[in-house]
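K.L.:
Please find one structure pasted underneath; my questions will follow.
We did not get these values from a lab; they are worked out from the coordinates using the rules stated. The structure presented is a predicted model; accordingly, all values stated were derived computationally and were not measured. Please note: Cβ atoms are built from the backbone with ideal geometry, for glycine as well, and neighbour counts cover all protein chains shown.
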Protein chains: 2
Amino acid sequence: MSNVQLIMTCSNLRKHPRSLNVGPNKMVNALNDEPDLRQVLRDAGLRVTPQRASIITILSETDDHPNVEELYEKVRALDDTISVATVYRTMSVLENVGLVRKLVLDDAPARYEMMPPTNHDHLVDLESGELVEIPGTDIADVMNRVASELGYEIVSHHTVIRARKR
Amino acid sequence: MSNVQLIMTCSNLRKHPRSLNVGPNKMVNALNDEPDLRQVLRDAGLRVTPQRASIITILSETDDHPNVEELYEKVRALDDTISVATVYRTMSVLENVGLVRKLVLDDAPARYEMMPPTNHDHLVDLESGELVEIPGTDIADVMNRVASELGYEIVSHHTVIRARKR
DNA sequence: TGACATTTGCGAATAATTCGCATTAACAGA
DNA sequence: TCTGTTAATGCGAATTATTCGCAAATGTCA
């Protein structure tokens, strides 16, 4: 009996500036390549610091969903003076601004991903801890309807499905 | 701009023994009234302790979704020697056995509720911290299809919707 | 370039939850 | 009903993720 957690998330709150096409081995600064991202920060009255740039760069290059500790280790390759507290603070800032999405899992530190330009969901295998992206579903439609009936406009949603292999 | 978290959960994993019809002011022991519940524990090779009985009693009488601290305070009325650790341990046990559901919220301690006999979802108002139940939706159908395509059988699911008043 | 509010780094502080362990007690079998 | 086995409890200490306070550093805008 294998235990699995299916995590589905979608977001339609704001237009994603532009998807980052940074090659996996190009250690470039995402914010330098993406003036749009700089502007997102500035528009929110926030400063574009090298720490924030490094974090976004790393996050843009990863296709998994790192937690703060993993992020911190990777970012240190770009900036070996950055502190964990800054990573925490930055993730919070980026989340508020809408550049990253926070995935709150049970019994594990929060994970993060860049805001995806396309809706997609997630599947977490609890045994391996692996978090896999799966194609988006039309769950969003149902949710939109439900939220709409309550007078709300969905900003984002996050579904956790616990399932058993059949 | 009011911020709201809509939490939707459903469960279809196992037949709920029987819904508890304990009156709001009847300070009775739920496990004594509900031999089914005792059996659920025994079937899992677990012992029916007074602590577990008290916790289930309190949880059955509440229509909100208490966290461990709130639960602990209320349970102390029935058993003033119970410890917080026991409440934590018991909630974990009851969750594994399928008697309660754990609601993991962001930036707040986990909340719990008795496994509902009928599907229902939740709405959390972040400002007030209030967690309101809303009628179940057919999201479950969509999820079942998605999970089914992946070869999984849904045990439970948990959706968090962040929405903004329109 | 200079003023100044933001942001950072550091380490200490919090908060939720778990753990270790000696003691207690549930319950299956005699 | 009594008893032995073994799970469960209570206590407080330990862990873990995250936040906070504050002085020093640094983006940003005039």
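K.L.:
Work out how far the C-alpha atoms of the stretch A:44-91 reach from end to end along every principal axis, then list the three figures in whole Å, largest first.
P.N.:
29, 21, 16
K.L.:
I've got another one for you. Please average, across the residues of A:102-111, the number of beta carbons from any other chain that are within 10 Å of each residue's own beta carbon, and give a whole number. It would help to have the intermediate numbers written out before the result.
P.N.:
Details: counts 2, 1, 5, 1, 5, 3, 0, 0, 2, 0.
So the per-residue partner count for this stretch is 2.
K.L.:
Let me ask you something else. Along the stretch A:36-44, what does the Karplus equation 6.51 cos²θ - 1.76 cosθ + 1.60 (θ = phi - 60°) give for ³J(HN,Hα), rounded to whole Hz, x for Gly and Pro?
P.N.:
4, 5, 4, 5, 4, 5, 4, 4, 8
K.L.:
Another question, then. So how far apart, in nm, are the two label points at residue A:89 and residue B:106 if each is 7 Å from Cα heading toward Cβ?
P.N.:
2.0 nm
K.L.:
So for A:86, A:81, B:90, fewest C-beta neighbours within 10 Å to most, what's the order?
P.N.:
If I rank by nearby Cβ atoms, fewest first, I get A:81, A:86, B:90.
K.L.:
Could you work out how far the C-alpha centroid of the stretch B:47-84 sits from that of the stretch A:65-117, in angstrom?
P.N.:
Taking the Cα centre of the stretch A:65-117 as reference, the centre of the stretch B:47-84 is 37 Å away.
K.L.:
Along the stretch A:93-106, what does the Karplus equation 6.51 cos²θ - 1.76 cosθ + 1.60 (θ = phi - 60°) give for ³J(HN,Hα), rounded to whole Hz, x for Gly and Pro?
P.N.:
4, 5, 5, 4, 7, x, 8, 10, 10, 9, 10, 8, 9, 7
K.L.:
Here is a follow-up. Sticking with the crude label model, points 7 Å out along Cα→Cβ, report the distance from residue A:150 to residue B:97 in nm, one decimal please.
P.N.:
According to this spin-label approximation, the distance is 3.1 nm.
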